[in-house]
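Below is a structure I'd like to ask you about.
The values are calculated or read from the model by the stated rules, or taken from the named source; none is laboratory data. No experiment lies behind these values; they were computed from the predicted model shown. Note that each Cβ is placed from the backbone with ideal geometry, even for glycine, and that neighbours are counted across all protein chains shown.
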Amino acid sequence: RTVYLNGDYMPETEATVSIFDRGFVMGDAVYEVTCVLDGRLTEFDGHMARLARSLKELEIPCDISRDEWLEIHRKLIELNGLQEGGIYLQISRGDVGDRDFHYPPAGTPPTVVLYTQSRPGLSTDPKADEGIKVISVPDLRWHRRDIKTVQLLYASMAKMAAEKEGKDDAWFVEDGFVTEGSSNNCYIVKNGKIITRQLSNDILHGITRSSVLKMAQEAQMEIEERPFTIAEAQAADEAFFTSASAFVMPIVEVDGVAVGSGKPGSVAKRLREIYISESL
Ligand code: PDD
């Protein structure tokens, strides 16, 4: 793979970062994952807008413009012949020269890394025909989940816990309500109405979420933005999640209880079709 590091394109084996980098030592970094379908970027502007917001919230200085980001993304797609998959982008606060809780002095350049991840067959994932199974776990993450930081240890632990039980993913629950999935936004459907948690600092403001809700609205589907419980999900007609890397994914089981018929629901299937066809 040819990757991007701080202004240069190079083989991945030559891309190295300091052991003092704050991304490595403190998890002091933000990221984005932008999907590539048929060699083209999807939702590019949405991801770059959220990136700018994450950087601003954490006061990480980075002066790369939207057009420069676009050029880097396109060049990586071209250099790697990427057809289907994604581009991972990470910006950390940079190398401080030593471990230190203080932010580095003004003018310290951030560490900017981008690389492609090839995922052939992403848009025809058979998992979407079967639906996936989730377990619930308490949401023990920090309270700024609206910022897309690389602090993904708990999300990773949740995913491993699900797999240990033979399931696919985990839903986080806080104060009795589902916040989101380990790396996605969650929805249930009851009597034709799509229910999903409203935006706040409790969840990541999914780019796919925003597009899918817009598409649902255009298709005259009813939407209610409010928190829901695990019991409500288990009694729902269907459930699904959204993310840049899986689009719309039907969920057929929550904590061992089948949702609806135990098969992917019609709303999730329809939204997945609309989303993929509009992205291609
Ligand atoms: N994850 N919630 C969380 C906690 C996420 O990590 C993600 C994305 C989402 C969905 O956001 P979007 O629709 O913008 O992808 C919601 C990415 C895909 C990842 O970590 O790989």
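Please identify the pairs in which a residue from segment 42-55 that is in the same structural domain as Gly27 (by TED's automatic domain parsing) has its Cβ atom under 9 Å from the Cβ atom of a residue that is in a loop (DSSP other than H, G, I, E, B) and more than 11 Å from the ligand (Cβ to nearest atom), counting only partners at least 6 apart or on another chain.
Hits for this filter: Thr42/Leu280; Leu51/Cys62; Ala52/Cys62; Ser54/Ile60; Leu55/Pro61; Leu55/Cys62; Leu55/Pro110.
(1) touching a Gly at 6+ places or on another chain (Cβ under 7 Å); (2) within 13 Å of the ligand (Cβ to nearest atom): which one isn't true of Ser182, the others all being true?
So Ser182 meets the others, but not (1).
Could you tell me which residue of segment 85-116 is modelled with the lowest pLDDT, considering only residues that are over 30 Å from Glu43 (Cβ atoms) and in contact with a helix residue (DSSP H, G or I) (Cβ under 7 Å, 6 or more places away or on another chain)?
The first filter runs over segment 85-116 and keeps only residues over 30 Å from Glu43 (Cβ atoms), leaving 95-108.
Now restrict to residues that are in contact with a helix residue (DSSP H, G or I) (Cβ under 7 Å, 6 or more places away or on another chain): 96, 99.
Values: Val96: 81, Arg99: 94.
Out of the qualifying residues, it is Val96.
Conditions tested, residue by residue: (1) under 16 Å from Ala239 (Cβ atoms); (2) of a type in the set (A, V, I, L, M, F, W, C); (3) without any contact (Cβ under 8 Å) to a residue 12 or more places away in the chain.
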| residue | (1), (2), (3) |
| --- | --- |
| Asp129 | yes, no, no |
| Val134 | yes, yes, no |
| Pro138 | no, no, no |
| Arg141 | no, no, no |
| Lys148 | no, no, no |
| Ala155 | no, yes, no |
| Glu163 | no, no, yes |
| Ala170 | yes, yes, no |
| Thr179 | yes, no, no |
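Where residues in segment 33-57 are surrounded by fewer than 17 Cβ atoms within 10 Å (Cβ to Cβ) and away from the ligand (no atom under 13 Å from the Cβ), which of them is farthest from Pro105 (Cα to Cα)?
Among residues in segment 33-57 that are surrounded by fewer than 17 Cβ atoms within 10 Å (Cβ to Cβ) and away from the ligand (no atom under 13 Å from the Cβ), the one farthest from Pro105 (Cα to Cα) is Asp38.
Let me ask something else about it. Which of the residues belonging to segment 192-233 are of a type in the set (D, E, K, R) and either in contact (Cβ under 8 Å) with a residue 24 or more places away in the chain or over 26 Å from Phe44 (Cα atoms) (or both)?
First, the residues of segment 192-233 that are of a type in the set (D, E, K, R): 193, 197, 202, 209, 214, 218, 222, 224-226, 232.
Matches in segment 192-233: Lys193, Arg197, Asp202, Arg209, Glu222, Glu224, Glu225, Arg226, Glu232.
Name the residue that is surrounded by the most Cβ atoms within 10 Å (Cβ to Cβ), counting only residues in segment 152-168 that are outside any helix (DSSP H, G or I) and away from the ligand (no atom under 11 Å from the Cβ).
Asp168
Only one of (1) over 15 Å from the mean Cα position of the chain (by Cα); (2) assigned to a loop (DSSP other than H, G, I, E, B) fails for Ile195. Which number is that?
So the condition that Ile195 fails would be (2).
Checking the conditions here, which among Thr242, Thr208 is closer than 28 Å to Thr149 by Cβ and assigned to a strand (DSSP E or B)? If you could, list the steps in order and put the result at the bottom.
On the way: Thr208 fails: assigned to a strand (DSSP E or B).
Checking each option against the conditions leaves just Thr242.
Moving on to the next point. Where residues in segment 13-43 are in contact with a Ser or Thr (Cβ under 6 Å, 6 or more places away or on another chain) and part of a helix (DSSP H, G or I), which of them is farthest from Thr116 (Cα to Cα)?
Per the criteria, the residue is Arg22.
Just the residues that are farther than 12 Å from Arg197 by Cβ and assigned to a strand (DSSP E or B), please, taken from segment 224-239.
Glu238, Ala239
Right, another one. Restricting attention to segment 184-203, report how many residues are of a type outside the set (Phe, Trp, Tyr) and closer than 16 Å to Met249 by Cβ.
Within segment 184-203, the first condition is being of a type outside the set (Phe, Trp, Tyr), and the residues that meet it are 184-186, 188-203.
Pick out the ones that are also closer than 16 Å to Met249 by Cβ and you get 184-186, 188-189, 194, 196.
Of the residues in that region, 7 qualify.
How many residues does segment 79-96 contain that are surrounded by fewer than 22 Cβ atoms within 10 Å (Cβ to Cβ) and hydroxyl-bearing (Ser, Thr, Tyr)?
1
Sticking with this one: Restricting the search to segment 78-91, which residues are part of a helix (DSSP H, G or I) and out of contact with any strand residue (DSSP E or B) (no Cβ under 6 Å at 6 or more places or on another chain)? Reasoning before the result, please.
From segment 78-91, those part of a helix (DSSP H, G or I) are 78-80; that's our starting set.
The one that is part of a helix (DSSP H, G or I) and out of contact with any strand residue (DSSP E or B) (no Cβ under 6 Å at 6 or more places or on another chain): Glu78.
If Thr242 meets every condition in (1) without any contact (Cβ under 8 Å) to a residue 60 or more places away in the chain; (2) more than 16 Å from the ligand (Cβ to nearest atom) apart from one, which number is that one?
(2)
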